[in-house]
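For reference, the structure discussed in these notes is given below.
The values are calculated or read from the model by the stated rules, or taken from the named source; none is laboratory data. Note that the structure is predicted; figures quoted are calculated from it, not measured. A quick note on method: Cβ atoms are made from the backbone with ideal geometry, for glycine too, and the neighbour counts reach across all protein chains shown.
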Amino acid sequence: MKHRLLAVAVERETDIVLVRQRTRKIAEQLGFERQDQTRITTAVSEIVRNALDYGGGGRAEFWLDNGSPQCFEIVVQDNGPGIADVEAVLDGSYRSTTGMGVGVAGARRLMDNFTIQTAPGKGVAVRMVKCLPPRTKPVSKADLQRIAQALAGDERLDPNEELRLQNRDMLVQLQELQRRQGEMAQLNQELLDTNRGVVALYAELEERADHLRRADELKSRFLSNMSHEFRTPLNSILALSRLLLTRKDGELTGEQEKQVQFVRRAAENLTELVNDLLDIAKVEAGKTVVTPAEFSTADLFGALRGMLRPLLVGDNLTLTFEEAVDLPPLVTDEGKVSQILRNFISNAIKFTERGEVRIWAESDSDVVTFHVRDTGIGIAEQDQAVIWQEFGQVAHPLQTRVKGTGLGLPLSKKLAELLGGSVAVVSAPGEGSVFSLTVPRVYRAPGGDQEAEAEWRLEPGRIPVLIVEDNAADAFACERALAGSPYQAITARSTVRGKQALGNFPIAAILLDVLLVGEESWRFLIELKQNDATDDIPVIVLSTTQEERKARSLGADDYLSKPVDAPAIIRAIDRATGRHSVRRVLVVDDDEVARYLVRQLLPRSGFEVSEAATGQDALLSAAQRRPDVVLVDLNMPTMDGFQFLDLWSAAHGAAAVPAVVLTSMTLGAEQHRQLGKARTVLSKSELSAAALMAAIESAIATETV
């Protein structure tokens, strides 16, 4: 609901002063602060002046809107011609010679709400709203009566007094501006100081991080170097103690034997500690190589059973491996999985005085989880995080009889993460523990280039050749060597992937690199030659090791030293498979550009191209060295293509070489009949490497049939 407080007619210059006085008075009575009074008064006087100057006069009305929140509303209506472009005036982009528009945009910024209604010939109505301060109590009817009385009693109109008040307001505003500028300068300085402090903090943090990185590198280097240095004297101690205990140099007294056994046991414990330290250092330094290979859970359990049964003492404890039924094979690092499980099982045996240690595995989708459950002392929940920390051990009376390094479980955790898996424990004091290892069934190197199955799509008519090569550059070179030949490259980065390719494609030959990341392929070569399904596939070893004799003794059909050029690879595959893949092509065309184009389009690795500019030269060249196919142009001087083909067929009869006609002519039925049904025709306008090679293979295949 709205209440009209006052209405003032605007007809002359003095009315502007009157409106200004009334605006300030009402704003003061409504509880606006001095700054807001000045803002409202300035905005209203600016709009009233526009109404007088551009609209020829009008009317100013003052309202109180009792909504929520309560607002002071001023409406100024003039009788002028209206505003043509209201939007330009409101956003401040409109400019006139008299300055109209600047004041409107300024007044709009001073109020909370500002709208203009206008139409040509109907004047302009400007509505300005300023909400009452939040802390002001609602205006009641008694307040409205008080405001009306205050306005009725204020009848004076002194322009000089109004000018003085206006100057005072301007001075107050200037002082406020200066104060805010000072606060802004102080704030900017504080921000600048803070920014400098943040920069200094970042520099210090970076320096600390660099120190930590160098300390970590030094720690890993120290552990690695010292572990190797410790191994030599430890091995000597173990060897010498073994000599003493076997009585190689005479008998020992009972006391001496006990002392030597103590020395040997201490050396064995220290060796275990050194080995664990070295393994941890290698993992942290990123020097541990994961060697994925295919193996079954049953074989893994069999090896662990034979390795760990000697640790059992007496009949109080049993070691049980559940049968691995219907579990798919794993393709990961068997040695590291075995090392993790050995740590779990040996710990279970150490800290279980009686009962059972049971090991089983289960598969879920693409992961396999191994469990080791014991009936030992158990671990409290608050101590379970400690056991995964280096040298972390839980205090227990059993520790006095069973010693450990405190590194086995932290190492197991790091190895599991290296394989892309994780470890876990569920335990309670007196109830035993269940340690679990979860690993992906197929290892995927982090950030590595994984060969997608989509890359293994055999093209129709191509002969698959398996390339087992982990070096991307060497693999690419081999692939480029086979491009344009009848052979298609099937590339595998490891022997595991190579075995998968052998199961998916009728591989005609294998290009095998000897040194692969984390493995040597000699074992793969032996497996190929010992397997009845693959022993007849020729294997060509590519290497820099200069071990040709070893390669051939293990069954390799050929040996090429890196780097190998493309023709050598093609020739080696030809020899190994008994195929003749390099096509000898004779190009007969009087156009030198056409002959050059054919030579450029046909890959050198798969085609040997010779040229003849005339039919006579072609007959002589073919008589000296028989080509596999002839590419002949029909439109040639002296002897055209038709005559050449007739002479060639007459001279060789059924043994004539297949021909591909290259022409820019449009052949009719009679011309096609002259060429014969076995002739392949290719338009020069459609000449491309793919079309040319397809036409050559089609002509040879047709002639063979």
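Take the conditions (1) more than 20 Å from V139 (Cβ to Cβ); (2) outside any strand (DSSP E or B); R59 misses just one of them, which is (2).
Being out of contact with any strand residue (DSSP E or B) (no Cβ under 7 Å at 6 or more places or on another chain) and closer than 15 Å to E362 by Cα is the filter here; which residues of segment 300-347 pass it? Correct list: L300, E323, V325, D326. Across segment 268-299, the qualifying residues are those that are among the small types (G, A, S) and at pLDDT 75 or above, and the one among them that is surrounded by the most Cβ atoms within 10 Å (Cβ to Cβ) is A293. One residue stands out in segment 99-144 among those that are among the hydroxyl-bearing types (S, T, Y) and free of Cβ contacts under 8 Å to residues at least 24 places away in the same chain: the one that is nearest to K25 (Cα to Cα), namely S140.
Scanning segment 2-45 for residues that are in a loop (DSSP other than H, G, I, E, B) and within 17 Å of M128 (Cα to Cα) returns L30, F32. Restricting the search to segment 494-518, which residues are of a type in the set (V, I, T), over 26 Å from L419 (Cα atoms) and not in a strand (DSSP E or B)? I507 - this is the single residue of segment 494-518 that is of a type in the set (V, I, T), over 26 Å from L419 (Cα atoms) and not in a strand (DSSP E or B).
One residue alone among L64, L52 is in contact with a Phe, Trp or Tyr (Cβ under 7 Å, 6 or more places away or on another chain) and either assigned to a helix (DSSP H, G or I) or more than 30 Å from G121 (Cβ to Cβ) (or both), and that residue is L64. Is it the case that some residue within segment 60-77 is touching a residue at least 24 places away in the same chain (Cβ under 8 Å) and of a type in the set (S, T, Y)? No, because not a single residue in segment 60-77 is touching a residue at least 24 places away in the same chain (Cβ under 8 Å) and of a type in the set (S, T, Y). Pairs only if they're at least six apart or on different chains, beta carbon under 7 angstrom, first in segment 1-16 and modelled with pLDDT under 90, second hydroxyl-bearing (S, T, Y); list them, first residue then second. Note: pairs meeting the criteria are I16/S45.
The residues listed here are L516, L554, L542; of these, the one that is more than 29 Å from L662 (Cα to Cα), surrounded by 16 or more Cβ atoms within 10 Å (Cβ to Cβ), modelled with pLDDT of 85 or more and not charged (D, E, K, R) is L542.
All conditions in (1) surrounded by fewer than 17 Cβ atoms within 10 Å (Cβ to Cβ); (2) closer than 30 Å to L647 by Cβ hold for V588, with the sole exception of (1). Is there a residue in segment 320-334 that is polar (S, T, N, Q), exposed (fewer than 13 other Cβ atoms within 10 Å of the Cβ) and either farther than 27 Å from G378 by Cα or at pLDDT 85 or above (or both)? Among the residues of segment 320-334, at least one is polar (S, T, N, Q), exposed (fewer than 13 other Cβ atoms within 10 Å of the Cβ) and either farther than 27 Å from G378 by Cα or at pLDDT 85 or above (or both), which makes the answer yes. Taken together, the criteria exclude K137 from residues that are within 23 Å of V8 (Cα to Cα), modelled with pLDDT of 80 or more and not hydrophobic (A, V, I, L, M, F, W, C).
Just one of L52, L110, L132 is modelled with pLDDT of 85 or more, in contact with a strand residue (DSSP E or B) (Cβ under 6 Å, 6 or more places away or on another chain) and aliphatic (A, V, I, L, M); which is it? Can you show your working first?
Working: L110 fails: in contact with a strand residue (DSSP E or B) (Cβ under 6 Å, 6 or more places away or on another chain); L132 fails: in contact with a strand residue (DSSP E or B) (Cβ under 6 Å, 6 or more places away or on another chain).
On inspection, the qualifying residue turns out to be L52.
Criterion applied to S433, S427, S422 was being over 30 Å from the mean Cα position of the chain (by Cα), modelled with pLDDT of 90 or more and either among the polar types (S, T, N, Q) or in the same structural domain as A689 (by TED's automatic domain parsing) (or both), and the one residue passing it is S433.
Look at S412 and say whether it is of a type in the set (S, T, N, Q), modelled with pLDDT of 80 or more and crowded, with 16+ Cβ neighbours inside 10 Å. Criteria met by S412.
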